[in-house]
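Shown next, in structure tokens, is the structure this report addresses.
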Amino acid sequence: MKRLILHILLLALAFPGFTQEQSKDEPKKEEKKEIEELRLKLNEDGSHYIKATFLNQAWFRYADYNPGTTVLGSPTSSGFDIGLRRTRFQIYGQLTDHVTFYFQMGQNNFNFITGTGGTPDNPNQPYTNRKNQFFIHDALADYRIKKGSDILYIGGGLTIANGLSRFSQPSIGTIMSMDVPVFAQATVDQTDEFSRKLSLYARGQIGRLDYRLVFTDPFPVNTNGTVGTPLTAAPNSPNATFAQVGHEKQYQGFFMWNFFDKESHVTPYMTGTYLGKKKVLNLEGGFITQKNATWTGDGTAAGTQYHDMNLWSVALFYDAPLSAEKGTAINAYAGYFHTDYGQGYLRYNGIMNPANGGTPGTTPFSTIANPANGNAFGNAFPMFGTGNVIYAQAGYLLKKDLLGDGNGTLMPYVTFQSGNYDRIDKPSNVWDLGMNWFIKGHTSKITLDYQIRPTYSSITPTPASGPDLQKNSGTLSQIVLQYQFFF
């Protein structure tokens, strides 16, 4: 027996390949593969699928507040706040060769002030519930006319498919700067639901022409959650606000010419930057029009005038790689917007405003009834108005793995917004200087943004029923650190 065992050992030593061949027949351990997306295949080749994504943008901000600002009733000139700019859950997919759907829920602008009331227009407004913030953003389906072709999609529902510009329907998870130019979401939270509208649309691509045509049933401004000021409370008001009586449909269109790579039509959203994955050069133009959208006057049948809303824009968008070897890329946009909401329309807005009130009679709050100035507290500035706007941005993506393997790279950027509105004496110029740290592309990124914005004071009109002028009174700033995860 001992001799047999010895012979076996000698045989194994003489043919070392024997044991190696045996190991080849053993089941191989699969290499760990990183999950790229949450995707459920509905057919064998994966052309029919359901996909889920998640996004969260947390802000850590220090800001100077406009003169006269109050926070929970206390006069405050500056402060630090923490908030969730956007929290979203999306599910979408291709159900058949022709049918796609898109559904999104989430919340926006959630910080410590959420759920509080009290504004100069309505200081007795009761507090609401901070937990009632999660709502449906999108719920739509569309039908692709020709299998495998983007020539025509017909769809409808609650959707961000809009006219005017690419920033009126932005993919916020892929934007180049920290935030989008919100003025391009022209009726945001006035006659829409955070830029989403109940619409019927046709979209697609014919050759290099990309188009969107949208028929919209806008929401009444009375249901936006803020008690508006009726005309009877501001007799003979010369400044337009969204009409609280009557209902007209809205018509929108957006067109762009793709000189190089074509952009995707998987969803109605438009990408902010491809980080060098595509070469895109587009000439763009769009419009939004609605009859009798705003009004002025005294609220009586004889003393009320209605005004049409007519908005249009033209722009050039460029996003392309510079060096495939280094992974560098550039992003640039320049656009002109003509915004006619009716005579004297002006609306202040502050992104995730950290304040909730102002002291009437102090700048920039008017001494007359004026809903636009009533929201001029905190970090607000004249964001929307009758006039015109120039918006431009530029960013440079530095070489890949700049910060070491697995640590990502950087992308400095600058944005400039200049609103030249009828009711301000000098353009509302807003500068943002920032830096993106793409730890893992848009999936995990940190953004540091420094903003300079203007402040204005109101000049009481003579007579009291005349138009008030907003006079530039200086600049203020804020600095924001954002962390985004998008999966």
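Here is a check on your reading of the model: is residue 473 in a strand (DSSP E or B), within 23 Å of residue 348 (Cβ to Cβ) and open to solvent by less than 30 Å² (accessible area, probe 1.4 Å)?
no
Select from segment 292-320 the residues that are within 24 Å of the chain's Cα centre (by Cα) and open to solvent by 30 Å² or more (accessible area, probe 1.4 Å) and write down the one among them that is nearest to residue 273 (Cα to Cα).
318
In segment 298-329, which residues are touching a Phe, Trp or Tyr at 6+ places or on another chain (Cβ under 6 Å) and either within 21 Å of residue 242 (Cα to Cα) or not acidic (Asp, Glu) (or both)?
Listed by number, the residues that qualify are 304, 306, 309, 312, 313, 314, 317.
Does segment 425-438 include one or more residues that are at pLDDT below 95, farther than 23 Å from residue 316 by Cα and surrounded by fewer than 16 Cβ atoms within 10 Å (Cβ to Cβ)?
yes
Might you check whether a residue that is in contact with a Lys or Arg (Cβ under 9 Å, 6 or more places away or on another chain) and open to solvent by 30 Å² or more (accessible area, probe 1.4 Å) occurs anywhere in segment 223-234?
No; the residues of segment 223-234 include none that is in contact with a Lys or Arg (Cβ under 9 Å, 6 or more places away or on another chain) and open to solvent by 30 Å² or more (accessible area, probe 1.4 Å).
Any chance segment 118-138 includes a residue that's modelled with pLDDT of 90 or more, crowded, with 18+ Cβ neighbours inside 10 Å and of a type outside the set (Phe, Trp, Tyr)?
yes
Among the numbered criteria (1) within 18 Å of residue 174 (Cβ to Cβ); (2) crowded, with 22+ Cβ neighbours inside 10 Å, which one does residue 412 miss?
(2)
Of the residues in segment 335-352, how many are part of a loop (DSSP other than H, G, I, E, B) and either surrounded by fewer than 21 Cβ atoms within 10 Å (Cβ to Cβ) or touching a Cys at 6+ places or on another chain (Cβ under 7 Å) (or both)?
Qualifying residue count, segment 335-352: 1.
Residue check, residue 238 against (1) modelled with pLDDT of 95 or more; (2) not in a loop (DSSP other than H, G, I, E, B), all met but one. Which one?
So the condition that residue 238 fails would be (1).
Just need a number here: residues in segment 321-334 that are open to solvent by 10 Å² or more (accessible area, probe 1.4 Å), in a strand (DSSP E or B) and not polar (S, T, N, Q).
Of the residues in that region, 5 qualify.
Please give the number of the condition residue 296 fails out of (1) modelled with pLDDT of 95 or more; (2) assigned to a strand (DSSP E or B).
Of everything listed in (1) modelled with pLDDT of 95 or more; (2) assigned to a strand (DSSP E or B), residue 296 misses just condition (1).
The values are calculated or read from the model by the stated rules, or taken from the named source; none is laboratory data. Keep in mind that this is a model prediction, so the values were computed, not measured. Cβ coordinates were reconstructed from backbone atoms using ideal geometry, including for glycine residues, and neighbour counts include every protein chain displayed. All accessible areas refer to the heavy atoms of the entire protein, side chains included, with ligands and DNA or RNA removed. Shrake-Rupley method; radii C 1.70, N 1.55, O 1.52, S 1.80 Å.
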